[in-house]
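The values are calculated or read from the model by the stated rules, or taken from the named source; none is laboratory data. Source: prediction; values computed, not measured. Don't worry about glycine lacking a Cβ; one is built from the backbone with ideal geometry, like all the others, and counts go over all protein chains shown.
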Amino acid sequence: MRGMEPYERLIVWQKSHALATDIYRLTATAPRDPLCVQLRRAGASVPTNLVEGLGGGSRAMLGRFVGYACASAYEVEYLLRLAAETSLIPAATADRLRAQAVEVKRMLHSLKARTKERASQKARPS
């Protein structure tokens with residue numbers, strides 16, 4: 001068994017990965033439906049952008065990719081609403097997943113603020 005990657009230790013990554021996994025399972029019965037395809041892309045984009053940002057080597061790059069992840073989480077939230085309102089997925093399921101997306105967004109906003117704060121502290125001369 002291999003050790004955890006650094007991103008796997010982040011709770012926000014764990015939660016966004018769980019959301020992406022839930023979306024993939026939910027949409028498995030209609031994988032070619034255009035709305036399902038977009039929902040899958042947006043869902044996978046959240047944890048993927050976190051991983052990419054953490055691998056970038058700078059706080060500025062991390063902050064940029066956390067912003068991308070947050071934008072994708074907003075997209076997921078809307079697409080779940082649309083999927084429920086068009087009867088593609090059950091409303092209760094959409095509500096549960098939207099609540100997960102909202103939690104992830106909150107965590108991403110917090111991470112972005114901390115990253116920005118640390119970057120500005122590092123830029124100040126001692």
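Worth a mention:
- Candidate set: the stretch 111-126, residues that are in contact (Cβ under 8 Å) with a residue 60 or more places away in the chain and surrounded by 12 or more Cβ atoms within 10 Å (Cβ to Cβ); chosen: the one farthest from the chain's Cα centre (by Cα): Ala119
- Inside the stretch 29-74, residues that are at pLDDT 95 or above, among the aliphatic types (A, V, I, L, M) and over 30 Å from Lys122 (Cβ atoms) make up a count of 5.
- Matching residues in the stretch 79-97 - criterion: being assigned to a helix (DSSP H, G or I) and crowded, with 19+ Cβ neighbours inside 10 Å: Leu79, Leu80, Ala83, Ala94, Leu97
- Residues satisfying the stated conditions in the stretch 45-63, i.e. farther than 15 Å from Val12 by Cβ and either touching a helix residue (DSSP H, G or I) at 6+ places or on another chain (Cβ under 7 Å) or of a type in the set (S, T, N, Q) (or both): Gly56, Ser58, Arg59, Ala60, Met61
- Among residues of the stretch 1-25 that are more than 21 Å from Leu62 (Cα to Cα) and in contact (Cβ under 8 Å) with a residue 40 or more places away in the chain, none has a beta-carbon under 7 Å from a residue that is of a type outside the set (Lys, Arg) and outside any helix (DSSP H, G or I) at least six positions away or on a different chain.
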